[in-house]
Structure formats: structure tokens, C-alpha cells
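A.B. asks: There's a structure below that I have some questions on.
Read the figures in this text as sums done on the coordinates, not as results from a lab. Note that the structure is a prediction, hence the values are computed from the model and not measured. Cβ sites come from the backbone with ideal geometry, for glycine too, and all protein chains shown count toward neighbours.
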Amino acid sequence: GGRNGFGAKLTNIFSMKFTIETQSSKHKKHYTQTFYDNMTRKDEPIITAAKTGQDYTCIRFRPELKRFNMEKLDDDTVALFTKRVYDLAGCTHKNVKV
């Protein structure tokens, strides 16, 4: 949903834990990898055969809240994340007609 490929990279850099999971129906592969402590540590990638024929990408992260002087995600931040998810779903779902 961003530009120039910075969004996921910066999210990873500012996260205590960041997991990317993606699957390609074309290549019939499923990829998962987890990074820790602002990308200072990482697990080896796990690449397996795809279980379904669907393409998808899922990113899970735990932001380093102290870096942003926060103890928890405030309601405005959660609302912004929620809006972005709806925006992306509306732009990427194959059955949506614009």
C-alpha cells in the first residue's frame, strides 16, 4: 500500500518481531521468515510446497513501542491501521469492480 518499497522495510526495522509469510500459486511455494530486535537477528527462511492455490502475503509485527514513547498502541493508531487494511482490501481483492 506504500511507495518505493519503504513501508515493510521500515516496519521491520522498528519492530521487536516481524514475520513475513507469502505464497505464490505460480511457483507453488510458501515462504515464511521471522526477524527480531530491529532486524539484528533472523530465523532461516522456511520454504515449503504451497498448501492451496491462493496467492497472498501476511505480515505480522510487534513494534518497538518504547522507541515511539508509547506503552501501547493508541486508538488513533489502531484506527489508522484498520483504515489502511480496508483500503488495501478494496484495492486488491480480485472480485472488486471499480
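A.B. asks: For the chain, state the semi-axes of the equivalent ellipsoid (square roots of 5 times the eigenvalues of the alpha-carbon gyration tensor), sorted largest first and rounded to whole angstrom.
C.D. replies: Semi-axes (√(5λ), whole Å): 25, 21, 10.
A.B. asks: Name the residue from His30, Phe14, Thr57 whose Cα lies farthest towards the positive end of the charge dipole of the chain, charges +1 on Cβ of Lys and Arg and -1 on Cβ of Asp and Glu.
C.D. replies: Of the listed residues, the answer is His30.
A.B. asks: Would you calculate the separation in nanometres between label points at Asn38 and Cys58, each defined as 7 Å from the Cα along the Cα-to-beta-carbon direction?
C.D. replies: The answer from the label model is 2.9 nm.
A.B. asks: Rounded to the nearest 500 deg cm²/dmol, what is the calculated helix-only ellipticity per residue at 222 nm for the chain, with -39500 (n - 2.57) per DSSP H run of length n ≥ 4?
C.D. replies: -8500 deg cm²/dmol
A.B. asks: Using only alpha carbon pairs under 8 Å that are at least six residues apart, calculate the relative contact order of the chain and give it in whole percent.
C.D. replies: 26 percent
A.B. asks: Students often get this wrong, so check it: of Lys51/Lys72; Lys26/Lys83; Lys9/Lys29; Lys42/Lys66, which have C-alpha atoms separated by over 32 Å?
C.D. replies: Result: Lys51/Lys72 exceed 32 Å.
A.B. asks: Oh, and also: Which trypsin sites (Lys or Arg not before Pro) does the range 1-30 hold that lie in a coil by DSSP with at most 15 other beta carbons within 10 Å?
C.D. replies: Arg3, Lys26, Lys28
A.B. asks: What is the Cα coordinate range of the range 6-50 on the first, second and third principal axes, sorted by size from largest, in whole angstrom?
C.D. replies: Computed over the Cα atoms, the extents are 31, 21, 9 Å.
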